[in-house]
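Enquirer: This is the structure, below, for whatever I ask next.
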């Protein structure tokens, strides 16, 4: 697939994996809108030509406005965490913190639901899960639960989005190849 001339929105696109996706897409000739709660933090890190926007994936009205203003677009990448996440041993975990970890899932469902009508019918969506969804370590119960839910959501919604595509990617730490053994 040639990316030259495509339009993309990257939610959570101003730090971490989202910033890397923003810059990679821009380097391939994609017109990119990188949105996050604090886009000003990335002004020195994004490639020239990337448009920075303020948007919280928990704010449906802000998402609606962003998608409508950017329509039509071809690619949606969601790497936004949605908020804070609980970490540590489950039996000692604050259950409200554990529940709050699912903000990532709600942000992803908000984005997929509201973006679809503004995307090219041959467009693609990419959601970022995490290694704990498949291979959790102690203290990662919330990350594993949310990542598993994101992966299940993606599988379930894919037929409804067709012919648009939706995929989940999971970062892999090449320094620790035993994660997948």
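Enquirer: Checking the structure you have, find out if any residue of segment 69-86 is farther than 22 Å from residue 41 by Cα, surrounded by 19 or more Cβ atoms within 10 Å (Cβ to Cβ) and at pLDDT below 95.
Expert: Within segment 69-86 (the criterion being farther than 22 Å from residue 41 by Cα, surrounded by 19 or more Cβ atoms within 10 Å (Cβ to Cβ) and at pLDDT below 95), the answer is yes, since at least one residue qualifies.
Enquirer: Could you go through segment 32-41 and let me know if any residue there is in a loop (DSSP other than H, G, I, E, B) and crowded, with 20+ Cβ neighbours inside 10 Å.
Expert: No, because not a single residue in segment 32-41 is in a loop (DSSP other than H, G, I, E, B) and crowded, with 20+ Cβ neighbours inside 10 Å.
Enquirer: While we're on this one: Those residues that are touching a helix residue (DSSP H, G or I) at 6+ places or on another chain (Cβ under 7 Å), buried (at least 19 other Cβ atoms within 10 Å of the Cβ), more than 30 Å from residue 94 (Cα to Cα) and without any contact (Cβ under 8 Å) to a residue 60 or more places away in the chain, I need them from segment 115-146; list them, please.
Expert: Correct list: 125 only.
Enquirer: Shifting gears a bit: Taking interchain pairs and intrachain pairs at least six residues apart, which have beta carbon atoms under 6 angstrom, with the first residue in segment 147-164 and assigned to a helix (DSSP H, G or I) and the second surrounded by fewer than 17 Cβ atoms within 10 Å (Cβ to Cβ) and at pLDDT 95 or above?
Expert: Qualifying pairs under 6 Å: none.
The rows are residues; the columns are (1) modelled with pLDDT under 95; (2) closer than 22 Å to residue 22 by Cβ.
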{"position": "112", "(1), (2)": "no, yes"}
{"position": "130", "(1), (2)": "yes, yes"}
{"position": "133", "(1), (2)": "yes, no"}
{"position": "140", "(1), (2)": "yes, no"}
{"position": "143", "(1), (2)": "yes, no"}
{"position": "147", "(1), (2)": "yes, yes"}
{"position": "156", "(1), (2)": "no, no"}
{"position": "170", "(1), (2)": "yes, yes"}
{"position": "178", "(1), (2)": "yes, no"}
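The values are calculated or read from the model by the stated rules, or taken from the named source; none is laboratory data. Keep in mind the model is a prediction, meaning the values are calculated, not measured. For neighbour counting, all protein chains shown are included, and Cβ atoms are generated from backbone atoms with ideal geometry for every residue, glycine included.
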